[in-house]
Amino acid sequence: MVPIARAVALSLTALSLAACATIMPSEEPVTVTGSIAYRERIALPPTAQVEIRLDDVSLADAPARTLARQAFTADGRQVPFAFSLTVDRNRLDPRHTYAVAARISDADGRLMFITDTHNGVDFVGKARVDMGTLNLVRAR
């Protein structure tokens, strides 16, 4: 009788551990890649500041929450600029809406170029999302 009780206890323990493994969220990182560019034939100053963000834009009446950010100085380089943003999957809520936004400012912080459309990101079942080229428009 004791061996049967042990077998049942071990089976229940294994079953409960297996259930925990399927419920726990994956901590696998998700990467969003792409590039940014603009159509105008204008050279950026070497001091231009480039910023690309992955934002949670779910709430219409609240500021977006930034999940990942890449920022750098142009240092004489010109568009297109490649980007790669990584976020842990457990920080993503399948009920929320996510988007990539980009901007280029001069050294004094004045906006030069910005994305003016919603660049939505669909993470469902993906470990890597390629956004292609995001077009920025000139700020006036």
Which number in (1) at pLDDT 95 or above; (2) of a type in the set (A, V, I, L, M); (3) more than 17 Å from residue 133 (Cβ to Cβ); (4) under 18 Å from the mean Cα position of the chain (by Cα) marks the one condition that residue 59 misses?
-> (1)
Within the stretch 39-60, count every residue that is open to solvent by less than 40 Å² (accessible area, probe 1.4 Å), part of a strand (DSSP E or B) and more than 18 Å from residue 91 (Cα to Cα).
-> 3
Is it the case that the stretch 96-103 has a residue that's small (Gly, Ala, Ser) and on the phi > 0 side of the Ramachandran plot?
-> no
Residue 129 open to solvent by 50 Å² or more (accessible area, probe 1.4 Å), in contact with a strand residue (DSSP E or B) (Cβ under 7 Å, 6 or more places away or on another chain) and touching a residue at least 60 places away in the same chain (Cβ under 8 Å) | no
Could you check, for the stretch 115-132, whether at least one of its residues is aliphatic (A, V, I, L, M) and over 16 Å from the mean Cα position of the chain (by Cα)?
-> no
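The values are calculated or read from the model by the stated rules, or taken from the named source; none is laboratory data. Owing to the predicted nature of the structure, the values given are computational and were not obtained by experimental measurement. Ideal geometry is used to build each Cβ from the backbone, glycine not excepted, and the neighbour counts take in all protein chains shown. Just so you know, the surface numbers come from the protein's heavy atoms only, side chains and all, with ligands and any DNA or RNA stripped out. Shrake-Rupley method; radii C 1.70, N 1.55, O 1.52, S 1.80 Å.
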